Amino acid sequence: MDRRDFMKVAGLGGVVFASGLPGCASRGQPGGQGDFYFVQLSDVHWGYSNAKVNPEARGTLRKAVAAVNSLEAQPDFVVFTGDLTQTTDDPKVRRQRLAEFREQAAELRVPKVHFFAGEHDAALDRGAAYQEVIGGPLYYTFDHKGVHFIVLDNTSDPAPILGAGQIEWLKADLAKRKPDDAIVVLTHRPLFPLLPQWDWATRDGMAAVEALMPYRNVTVFYGHIHHEHHHRTGHIEHHAAKAVMFPLSPAGTMPQKTQLPWDPAQPYQGLGWRRIQASASGGAPKLRELSLS
């Protein structure tokens, strides 16, 4: 894909190449299963309404879907990493928003779309509405062209936790993996304590990180914080995607977590995308971040 194609997905979160993931650099070599890429969309917040922050909120998801569909080389799949909808205390409205989100996401022309819930979707009812409307388990695994994907749920409990049961499930799944398998973890909140006072953490997330440590080729992609951020725990890299709907203040720049106002001179400022690719010699992925503004 060239820069023109990549610019079409500006503001949509992340563009991830399998060849840019640890353990996958040789995937395009003879005997490999071929390179592929996927698009990460995060924090859609369908139903959000604040004209001072995003006066185009009703059209933002449609713009994202249209941009992905316009790519000449389609991604193998799209993954939505949580907060599909804006939170509401009304169970009926919650289901309505999830259904509207699902209808718009169904317009994606990619072969496969993966979903999981954010706290806005699931924390108030432990994921009941999400599972009813979107369907599927709250945490699960899938495999694609030799890469093992693990989706973790740190949002359906009212507290920001994975829970002992899910951590044991993770350990049982990892026990089936080889130490050099390529593993991608997808989650909504960061697993490490980025900024607990802003809810940018998972209380027992480091237990999951410790379980992943014996595996040499692990990359974690998450959302929730609404801006790009990169962190390393040992050899494991963690990468946050920007949001589709609105940006938040970066860590440490404000006394409190703050939604950034819309700038008419720079619409969609703070919404961006990521390209991840590796050299033929392997090693850590090379990331390039671009913004819409």
(request) For the stretch 203-244, state which trypsin sites (Lys or Arg not before Pro) are in a DSSP loop and have at most 10 other beta carbons lying within 10 Å of their beta carbon. (result) none
(request) Give me the distance in nm between label points sitting 7 Å out from Cα along the Cα-to-Cβ direction at Ala128 and His230, one decimal. (result) 4.4
(request) Please give the per residue accessible area of the stretch 38-177, computed with a probe of 1.4 Å over protein heavy atoms only, in Å². (result) 41
(message) Taking θ = phi - 60°, what integer Hz values does the Karplus form 6.51 cos²θ - 1.76 cosθ + 1.60 yield along the stretch 133-150, in sequence order, with x for Gly and Pro?
(response) 8, 7, x, x, x, 7, 9, 6, 10, 8, 10, 8, 6, x, 9, 9, 9, 10
(message) Give the aspartates and glutamates whose C-alpha is closer than 14 Å to that of Lys92, dropping any in the same chain fewer than 8 places away, or say none.
(response) Glu100, Asp121, Asp125, Glu132
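The values are calculated or read from the model by the stated rules, or taken from the named source; none is laboratory data. Quantities reported herein were computed from a predicted structural model and do not represent experimental measurements. Cβ: placed from backbone, ideal geometry, glycine included. Neighbour counts: every protein chain shown. Ligands, DNA and RNA are excluded from the accessible area calculation, which covers all protein heavy atoms including side chains. Shrake-Rupley method; radii C 1.70, N 1.55, O 1.52, S 1.80 Å.
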